[in-house]
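Here is the structure we will look at.
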Amino acid sequence: MAALFRRLITGPASVPRRDAESVRPGCIAIADAPVGRVVRVSGHIASVVLRPETTVQALEAEIDDGSARLVIVWLGRGSIRGIEPGRGIIIEGRVVNADGQLLMHNPRYELLPRGAAE
């Protein structure tokens, strides 16, 4: 039944890709992010998923910087204005490894202006 309420929004297949040399100043490439450390990374939102669980609702976004992907989870949130596929974002928080996938919970974030050159 939860699948019935799950909303999946995936951006176009042409979400801009970046190489490690185009990382924003003050940020590191996702592929270089050390697990267990607080880092600042930037990229584009590749997808957004709402997980309406019975205990705690969660909004998930997958961030891609061209070097790797990082899953961001905002617990207790159903939506966040501006969190949408294709949007540029800078995030800061502690990276964890969850079954081989890089993950960050409730990070600080800065949305980049729409259409901003990366």
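The values are calculated or read from the model by the stated rules, or taken from the named source; none is laboratory data. Keep in mind that this is a model prediction, so the values were computed, not measured. Every residue, glycine as well, gets a Cβ built from its backbone with ideal geometry; the counts of neighbours run over all protein chains shown.
Among the candidates Gly26, Gly66, which residue alone is on the phi > 0 side of the Ramachandran plot and surrounded by fewer than 19 Cβ atoms within 10 Å (Cβ to Cβ)?
Only one candidate passes the filter, namely Gly26.
Counting residues that are at pLDDT 95 or above, which strands (runs of 3 or more DSSP E) fully inside region 6-96 reach at least 1?
Filter on region 6-96 gives 38-51, 58-64, 69-75.
Would you point out which residue out of Ile90, Ile80 is closer than 14 Å to Leu59 by Cα, touching a Phe, Trp or Tyr at 6+ places or on another chain (Cβ under 8 Å) and among the hydrophobic types (A, V, I, L, M, F, W, C)? Explain how you work it out, then say what you get.
On the way: Ile90 fails: closer than 14 Å to Leu59 by Cα.
One residue alone meets the criteria, Ile80.
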